[in-house]
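Peer 1: Handing you a structure now.
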Amino acid sequence: MRRTDSAMEATARSGVLAPQPLLLERLQAIAHNLRWTWDPEAVELFRRLDPELWEQTDHNPVLLLGFLHPARLEAAQADESFHSAVERVAVGLERYLAAESTWYQRLQVEAAAAAKGDNPAARVSLNGGAPDAQRASRLVGSLSGNGGGPAALLAAYFSAEFGLAECLPIFAGGLGILAGDHLKSASDLGLPLVGIGLFYRHGYFRQRVDAAGRQDARVERLEPGALPLTPARRPDGSAVTVRVPFPGRQVEAQVWQAQVGRTSLYLLDTDVAANDPADRAITAHLYGGDEETRLQQEILLGIGGCRVLETLGLEPNVYHLNEGHCAFAALEQVRRVMQRERLDFAQAREAAAASLVFTTHTPVPAGHDYFPPARIERYFEQYRAELGLSARELLALGRTDSGNAEEAFCMTALALRLAGHSNGVSRLHGEVSREMWRPLWPGMRAAEIPIGHVTNGIHLGSWIAPALQRLYDAHLPGEWREAPAGSQLWRQVERVPDAELWRAHEAQRRELVEFARGRLYAQLERQGRPQPELDAAAEALDPGILTIGFGRRFATYKRATLLLRDPERLAGILNHTERPVQVIFTGKAHPRDEAGKELIRQIVDLSRRPEFRRRLLFLEDYDPAVARRLVQGADVWLNTPRRPNEASGTSGMKAAANGVLNVSVPDGWWAEAWEDAEAEAGASEGDEARRLTIGWAIGDGRQYAAPADQDEVDAEALYHLIEHEIAPLFYRREQGLPHGWIARMKASIARLCPEFNSHRMVAEYTTRFYLGNALGSPGYPA
């Protein structure tokens with residue numbers, strides 16, 4: 001339910017907002033800072049006001065306050081406990097924003113002290129320990145100005161999508177959620193960083209599944225005034241607009257600001273009166289439209305995004321490009337260095353490289369953006385003249401073979417050529433990327449290709465269930481939210497009594513089952529299914545049995561139906577008399593991905609067969625609200641990509657932080673998590689039990705040339721694991737508790753939380769790249 005500005009204004013005029021201005025002022029301030037998305041007490045405030053409206057508005061506090069009935073506000077005004085809760089949350093937000101002892105502030109102080117010789121081994125690592133001497137020396141150098149004090153840092157983080165909240169659907173999947181978590185951790189760490197993205201008036205599509213199991217994509221218009229957004233303003237208070245050159249015209253964009261804790265996100269929007277109708281639609285849809293629209297969006301994001309920063313008076317010394325969609329920002333940075341320093345293109349390219357960080361997320365060749373040379377020539381005819389480049393020279397920057405005049409222009413190749421620092425998003429993905437892009441560095445061995453890796457992480461405060469957060473608060477020493485990379489801290493989870501941890505987890509599973517039943521009932525009711533099916537939906541699943549969760553984008557390489565490969569065997573597993581199992585699937589296929597949509601249809605079709613009706617279901621419209629329920633309430637998180645096509649994957653990290661055990665193909669992040677756990681076990685006299693404590697790996701990582709052979713081998717391994725290891729362990733109880741299972745939960749939390757979190761990730765980007773831009777020559781190819 002997304003209401004319009006005019007509807008909200010009419011509601012306000014009717015007097016809904018008038019009765020309690022002070023209370024509303026506090027609530028509005030909380031609503032317009034997206035820190036509420038990782039503050040459970042703030043979320044509970046809005047839910048208390050009107051639980052039903054909170055759900056109907058997609059958890060949008062701005063819209064909720066706009067449509068709240070006067071009687072609800074009057075009741076809140078008379079409730080002293082509610083007033084106290086509002087004050088507590090508001091003061092907490094104010095203190096958070098005013099904090100003077102963040103990780104980055106401490107890093108600055110310690111680096112400045114080290115520069116003066118007071119503390120040569122500056123304690124600048126995230127968990128409080130000292131880095132190696134070389135790293136400390138470099139950080140001191142990069143943080144110290146001429147006078148020995150801290151130098152200013154500002155990083156600009158560009159991304160085509162940002163996943164911050166379900167009420168702001170300007171993201172499609174993991175890439176956007178990762179970008180949102182990056183901003184949240186930058187805020188928590190006190191890192192000077194701003195985000196740059198696009199405001200899509202229709203966001204990403206809402207998924208509906210019809211009676212035949214076919215996916216239907218529906219869009220709804222978003223109105224900025226009904227969202228936690230405000231117009232971005234210059235220092236003089238005027239609204240920010242920028243103009244970007246397109247063939248034969250200038251396209252204007254207004255800019256919206258989302259406040260993410262201490263971090264600002266700026267979103268460009270071309271739906272303004274100054275543009276013609278076609279240009280107003282450039283930012284209408286995320287990944288919508290044709291190839292030309294995609295190019296226009298990427299020009300707006302990269303070049304327009306840089307101009308937004310300039311208009312705001314911001315001067316970043318780091319430009320972090322999250323995937324190839326943002327690569328034109330690197331070109332714009334080179335152009336600006338040319339103008340500012342009066343350099344030619346080659347010199348400016350060399351100078352700009354150190355400030356450019358590029359992260360690639362895609363190990364699948366088809367996932368990279370390519371544009372026809374003629375289209376690039378048409379859009380960049382005037383722009384390349386400013387760069388002093390011929391059409392051939394410009395196109396060569398985006399080609400794997402710079403001399404091949406027939407090759408398309410690739411955004412990833414452009415970013416890799418211009419950035420001084422490039423990385424994949426897991427150890428394995430770094431290896432895959434070095435091999436994939438090896439032609440850019442002819443004659444160089446793959447191991448020497450300057451593409452490293454920074455493994456992704458998740459923002460723990462956004463994904464851990466509130467009940468589990470309270471459990472961690474009670475039993476973990478120190479502040480696990482601020483310094484989650486401390487492995488010693490997380491080992492203390494062993495002290496949590498088994499009964500307490502299991503009680504909290506069982507409560508999460510019950511909530512998941514109730515949530516899934518409600519979603520399924522609404523889904524079937526919308527499809528017009530008969531009453532017997534609706535009645536069955538109300539009793540689907542069992543809150544007391546082993547629950548497997550699968551939630552992700554339905555791309556074919558993710559093999560969502562691997563578990564369904566042998567339906568008869570699967571039915572036996574799910575309906576086992578002593579060890580029953582149930583499975584919840586959810587996820588979207590891209591609207592143009594017919595193969596992905598067919599996978600959804602197969603799951604829905606199977607779920608309607610009598611032997612699967614109570615044990616297997618598909619939930620439509622996968623979004624963060626569905627994801628949170630699933631990663632918090634499942635017992636097992638299933639991940640079945642065809643190795644090595646998963647760059648990283650973060651859903652399993654979210655599950656692990658909630659004590660949910662992963663069963664996954666060793667790909668992406670799970671490959672290094674599993675390998676490191678095995679190495680650790682091997683270092684402790686080969687203790688086999690310890691080796692398997694963090695979860696399970698499907699297969700041994702071998703890759704088969706024929707996809708059908710790979711699927712057969714992996715499916716057999718998965719069935720065997722569930723039948724002979726996972727289900728028996730789950731149902732092995734002593735005094736009502738599965739102590740063996742709980743031991744694995746604790747081991748998984750202790751081993752994975754300190755490493756696979758976005759605080760560690762952002763701190764790693766900061767210490768390796770953001771602060772190290774002048775530390776050595778860039779590794780871009782010729």
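The values are calculated or read from the model by the stated rules, or taken from the named source; none is laboratory data. Bear in mind that the values here come from a model prediction, so they are computed numbers and not experimental data. Because the Cβ atoms are built from the backbone with ideal geometry, glycine has one as well, and the counts that use them run over all protein chains shown. Side chains included, ligands, DNA and RNA excluded: accessible areas come from the protein's heavy atoms. Shrake-Rupley method; radii C 1.70, N 1.55, O 1.52, S 1.80 Å.
Peer 1: Computed FRET efficiency, Cβ-Cβ of residue 475 and residue 535, R0 35 Å: what is it to the nearest 0.05?
Peer 2: It comes to 0.25.
Peer 1: Turning to a different aspect of this structure: May I ask you to evaluate 6.51 cos²θ - 1.76 cosθ + 1.60, the Karplus curve with θ = phi - 60°, for each residue of segment 319-327 and list the ³J(HN,Hα) values in order in whole Hz, giving x for glycine and proline?
Peer 2: So the Karplus estimates, Gly and Pro as x, are 10, 9, 9, 8, 5, x, 4, 9, 4 Hz.
Peer 1: Running Debye on the chain with equal point scatterers at the Cα sites and no solvent, what base-10 log of I(q)/I(0) appears at q = 0.06, 0.10, 0.11 Å⁻¹?
Peer 2: Computed log10 I(q)/I(0) values: -0.37, -1.11, -1.36.
Peer 1: Where a ≥ b ≥ c are the square roots of the eigenvalues of the C-alpha gyration tensor, would you call segment 261-392 rounded, which needs a/c under 1.5, or, failing that, prolate if a/b is larger than b/c, or oblate? Numbers along the way, then the final one.
Peer 2: Values: a/c = 1.34, a/b = 1.20, b/c = 1.11.
Rounded is the answer for segment 261-392, as its axis ratio a/c remains below 1.5.
Peer 1: Could you look at segment 199-333 and say what percent of its accessible area is carbon and sulfur, using a 1.4 Å probe and all protein chains?
Peer 2: The nonpolar share, carbon plus sulfur, comes to 46 percent.
Peer 1: Related question: Provide the per-residue ³J(HN,Hα) series for segment 527-542, in order, calculated from phi with Karplus coefficients 6.51, -1.76, 1.60 and θ = phi - 60°, each as a whole number of Hz, with x at glycine and proline positions.
Peer 2: These are the phi-based 3J(HN,Hα) values: 7, x, 6, x, 4, x, 5, 5, 5, 5, 4, 5, 10, 5, 6, 9 Hz.
Peer 1: Would you mind getting the accessible area per residue of segment 156-245, heavy atoms of the protein chains only, 1.4 Å probe, in Å²?
Peer 2: 27 Å²
Peer 1: Here is a further query. Any idea how far apart residue 734 and residue 272 come out in nm if each label point goes 7 Å out from Cα toward Cβ?
Peer 2: Simple spin-label model gives 6.8 nm for this pair.
Peer 1: Follow-up. Report the full-extension gain for the segment residue 709 to residue 47: residue separation times 0.36 nm, less the Cα-Cα distance, to one decimal in nm.
Peer 2: Result for the pair: 233.3 nm of gain on full extension.
Peer 1: Taking a probe of 1.4 Å, how large is the accessible area per residue of segment 619-686, in Å²?
Peer 2: Per-residue value: 21 Å².
Peer 1: Given the Cα-Cα distance of residue 116 and residue 556 and 0.36 nm per residue of separation, how much length would full extension add, in nm?
Peer 2: 152.8 nm
Peer 1: Now for a different question. Which far-off residues, 5 or more places away or on another chain, put their amide H under 5 Å from the one on residue 453, with H placed in the peptide plane?
Peer 2: Those qualifying (amide H under 5 Å, at least 5 residues apart or on another chain) are 424.
Peer 1: Could you give the accessible area per residue of segment 370-510, probe 1.4 Å, as a whole number in Å²? Intermediate results must be reported in sequence, preceding the final value.
Peer 2: Values: 5730 Å² over 141 residues.
On a per-residue basis, 41 Å².
Peer 1: Now for a separate question. Modelled label-to-label distance, residue 233 and residue 29, 7 Å Cα→beta-carbon offset: nm?
Peer 2: 1.6 nm
Peer 1: Could you please state how large a percent of the accessible area of segment 393-549 is carbon and sulfur, counting protein chains only and using a 1.4 Å probe?
Peer 2: 49 percent
Peer 1: Also, I was wondering about something else. Through the Karplus equation 6.51 cos²θ - 1.76 cosθ + 1.60, θ set to phi - 60°, convert the phi angles of segment 474-479 into ³J(HN,Hα) values in whole Hz; use x for Gly and Pro.
Peer 2: With coefficients 6.51, -1.76 and 1.60, one gets 6, 10, 9, x, x, 9 Hz.
Peer 1: Rg(Cα) of segment 564-713 divided by 2.2 N^0.38 Å?
Peer 2: Cα Rg divided by the expected 2.2 N^0.38 Å: 1.13.
Peer 1: Moving to a separate point now. Please list the non-local residues whose amide H lies under 5 Å from the amide H of residue 195, H modeled 1.01 Å from N, same-chain partners needing a gap of 5 or more.
Peer 2: 157, 264, 265, 266
Peer 1: Moving to a separate point now. Any idea how far apart residue 608 and residue 350 come out in nm if each label point goes 7 Å out from Cα toward Cβ?
Peer 2: A separation of 6.7 nm, rounded to one decimal place.
Peer 1: Hey, another quick one. Based on the Cβ-Cβ distance of residue 717 and residue 447, what FRET efficiency does E = 1/(1 + (r/R0)^6) give at R0 = 35 Å, to the nearest 0.05?
Peer 2: Efficiency, rounded to the nearest 0.05: 0.70.
Peer 1: Tell me, in nm to one decimal, what length is gained between residue 565 and residue 488 on full extension, where the rule is 0.36 nm per residue of separation less the Cα-Cα distance?
Peer 2: 23.5 nm
Peer 1: Could I ask something else about it? Taking the dipole about the Cα centre of segment 238-297, with the C-beta of Lys and Arg at +1 and of Asp and Glu at -1, give me whichever of 241, 286, 265 is farthest to the positive side.
Peer 2: Looking along the dipole axis, the top candidate is 265.
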